[in-house]
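Peer 1: The structure that follows is given in the form of structure tokens.
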């Protein structure tokens, strides 16, 4: 089994490699320090599993998953995040088969390796918890309805109440009510906070 690790931190690379060797004793481990090196490597060599730290190089390398899958559509990808939970949605939509984090134990990483290499999905416990928090507020309500998300996006885009009302064919007062409910559900008090929320991931 050929396993490619994209990691620019030598300590993390050693840690991942030692866990991989315990899970797959006969595997061949290769490593690269950047997405560019990964693409170059995969252009000439087949791999059975890719482990990607999304914070390597210029960071947040979700686009790398697309590039890798264009070269090797069936390669399972296990992503590592250091706390960038708002990237979970984009990571999974891009095609990552598993996500682990800096909180993941060695045993959890081994389980992730086993699941992902077998074609199954795997999310570490803290990743699952974060996904649920992104979907549900403390009161148990769904974070935003479709219409609320549309209004939230228009607010973040800097549209006035009048512009939003005209664009959506609703009353100005209704826009204000949408905004009030959005802020209440997300526990925020400003458009700046709204723009930084995970609602758009």
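Peer 1: Among the residues of the stretch 180-201, write down those that are assigned to a helix (DSSP H, G or I) and free of Cβ contacts under 8 Å to residues at least 12 places away in the same chain. If you could, list the steps in order and put the result at the bottom.
Peer 2: Just the residues of the stretch 180-201 that are assigned to a helix (DSSP H, G or I), to begin with: 180-186, 191-196, 198-200.
If the condition is that a residue be assigned to a helix (DSSP H, G or I) and free of Cβ contacts under 8 Å to residues at least 12 places away in the same chain, then 180, 183, 184, 192, 193, 196 are the ones that fit.
Peer 1: Please indicate, with yes or no, whether at least one residue in the stretch 169-179 is in contact (Cβ under 8 Å) with a residue 24 or more places away in the chain and either touching a strand residue (DSSP E or B) at 6+ places or on another chain (Cβ under 9 Å) or in the same structural domain as residue 91 (by TED's automatic domain parsing) (or both). Talk me through it step by step, then tell me what you get.
Peer 2: Restricting attention to the stretch 169-179, the residues satisfying the condition of being in contact (Cβ under 8 Å) with a residue 24 or more places away in the chain are 175, 178-179.
Then keep just the ones that are either touching a strand residue (DSSP E or B) at 6+ places or on another chain (Cβ under 9 Å) or in the same structural domain as residue 91 (by TED's automatic domain parsing) (or both); that gives none.
Checked the stretch 169-179: no residue is in contact (Cβ under 8 Å) with a residue 24 or more places away in the chain and either touching a strand residue (DSSP E or B) at 6+ places or on another chain (Cβ under 9 Å) or in the same structural domain as residue 91 (by TED's automatic domain parsing) (or both).
Peer 1: Which ones in the stretch 13-50 are free of Cβ contacts under 8 Å to residues at least 60 places away in the same chain, part of a helix (DSSP H, G or I) and touching a helix residue (DSSP H, G or I) at 6+ places or on another chain (Cβ under 7 Å)?
Peer 2: 35, 38, 39, 42, 43
The values are calculated or read from the model by the stated rules, or taken from the named source; none is laboratory data. What you see is a predicted model; the values in this text were computed from it and never measured. Methodologically, a virtual Cβ is constructed for each residue, glycine included, from the backbone with ideal geometry; neighbour enumeration extends over all protein chains shown.
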